[in-house]
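Heads up: the structure comes next, in structure tokens.
The values are calculated or read from the model by the stated rules, or taken from the named source; none is laboratory data. Bear in mind that the values here come from a model prediction, so they are computed numbers and not experimental data. Methodologically, a virtual Cβ is constructed for each residue, glycine included, from the backbone with ideal geometry; neighbour enumeration extends over all protein chains shown. Only protein heavy atoms, including side chains, enter the accessible area calculation; ligands, DNA and RNA are left aside. Shrake-Rupley method; radii C 1.70, N 1.55, O 1.52, S 1.80 Å.
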Amino acid sequence: MSTDANGRIRSWTLEPSKPAYTPPPGAVDAHCHVFGPMADFPFSPKAKYLPQDAGPEMLFALRDRLGFERNVIVQASCHGTDNAATLNAIAQSNGKARGVAVVDPAISDAELDALHAGGIRGIRFNFLKRLVDDAPKDKFLEVARRIVRLNWHVVIYFEADILEEMKPFIAALPTLVVIDHMGRPDVSQGPNGTDMTAFRALLDSRDDIWVKTTCPDRLDSAGEPYDDFVASVRPLVEDYPDRVLWGTDWPHPNMETRIPDDGGLVDVIPRIAPTAELQRKLLVDNPMRLYWAD
Ligand code: 0GY
């Protein structure tokens with residue numbers, strides 16, 4: 001755990017290793033965040049964690065070190081519904097970043113248009129009680145209907161224990177849906193375990209549900225080399241190759257006690273996507289279709 005004198009925590013390693021694996025040209029890190037910098041972009045009063053600054057320069061330096069070309073920056077819960085830090089990072093990326101916002105469901109159409117102009121292509125609904133105070137499904141559905149005209153998608157973050165109760169909500173969403181971290185299955189159960197089987201049934205319920213095959217560090221309690229994660233996730237990449245995304249999750253919110261090595265995370269990619277074609281879909285074709293279609 002690394003906490004500074006102001007109680008601000010660092011959840012990322014300062015010295016990530018250089019991965020052995022080289023991503024294909026044009027690879028996209030499709031799930032990462034920025035924190036602040038706080039002096040310019042204060043955290044939400046409702047934030048559940050207080051991180052040290054992890055701004056765009058740090059993110060882009062990591063991108064280059066890991067061999068990626070683009071980022072999809074997901075608004076982190078510590079910034080609430082003020083997307084200024086995310087928009088700032090996108091603006092500084094020379095067109096190499098796009099984003100997913102978190103919005104107040106009462107947002108106006110003009111504000112949605114401004115987010116689109118700033119590079120936002122989706123909105124995130126977070127159902128983790130430790131991260132957000134409430135998650136009003138009726139209001140989420142209303143705002144989801146209002147982003148259809150922008151051709152955006154919805155990103156949903158929930159854990160495996162509420163998958164069943166999420167189903168009617170997911171079925172009602174009028175946009176393409178992306179599920180963060182596969183709905184956080186228990187990967188120690190294996191690819192045919194209860195959690196993965198239920199998650200596959202969800203994927204089979206609509207052909208426009210996509211999935212982030214992310215976060216071995218969060219999902220594999222055995223830690224590196226993340227064998228349980230690989231065993232559970234590789235069949236998913238092989239069976240749904242056109243609906244998978246990959247990201248570092250840097251700066252790894254709330255992982256301050258088990259900080260992952262970002263280079264080690266990249267080296268998991270060829271183990272879950274064992275062919276060059278699968279890697280190109282996962283890292284280039286799929287995220288480009290979703291975030292740089294225009
Ligand atoms: C993640 C996961 C987490 C945090 C957030 O927005 C966030 O604060 O997403 C988490 O704590 O599980 O996807 O970054």
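A simple packing score, the average count of other Cβ atoms within 10 Å per residue, orders the peptides 172-178, 127-133 as 172-178, 127-133, with the highest score first.
For the pair segment 243-282 and segment 1-60, the centres of their Cα atoms are 15 angstrom apart.
Take each peptide in 242-249, 263-270, count the other Cβ atoms within 10 Å of every residue, and average; sorted highest first, the result is 242-249, 263-270. Accessible surface of the chain, 1.4 Å probe: 50 percent of it comes from carbon and sulfur atoms.
With the radius of gyration and the Kirkwood radius both derived from the Cα set of the chain, what is their ratio Rg to Rh? Ratio value, two decimals: 0.93. Accessible surface computed residue by residue for segment 175-293, with neighbouring protein chains in place and a 1.4 Å probe, gives 34 Å² per residue.
Given the Cα atoms of segment 41-193, and with Rh set as the inverse mean 1/r over their pairs in the Kirkwood sense, what is Rg to Rh to two decimals?
Values: Rg = 16.1 Å, Rh = 16.6 Å.
Using only Cα positions, Rg/Rh for segment 41-193 is 0.97.
Extent of segment 9-53 along its three principal axes (Cα atoms, max minus min coordinate, largest first): 40, 22, 19 Å. Checking the cross-link pairs Lys139/Lys281; Lys18/Lys46; Lys46/Lys167; Lys46/Lys137; Lys48/Lys96 against a 25 Å limit on the alpha carbon distance flags Lys139/Lys281; Lys18/Lys46; Lys46/Lys167; Lys48/Lys96 as lying beyond it.
Ranking Asn192, Ser232, Val244 by how far each Cα lies toward the positive end of the dipole of segment 158-247 (charges on Cβ) leaves Val244 at the top.
Where does segment 1-110 land on Rg/Rh, using Cα atoms and the Kirkwood Rh?
0.99
Applying 1/(1 + (r/R0)^6) with R0 = 35 Å to the Cβ-Cβ distance of Ala117 and Ala171 gives a FRET efficiency near 0.65. Only helices enter the 222 nm calculation for the chain: every DSSP H run of n ≥ 4 contributes -39,500 (n - 2.57), and dividing by all residues gives -9000 deg cm²/dmol, rounded to 500.
Fully extended, how many nm does the chain gain between Asp40 and Asp227 (0.36 nm per residue separation, minus their Cα-Cα distance)? Don't skip to the answer; put the middle values down first.
Details: separation 187, 0.36 × 187 = 67.32 nm, distance 4.08 nm.
Contour length minus the Cα-Cα distance gives 63.2 nm.
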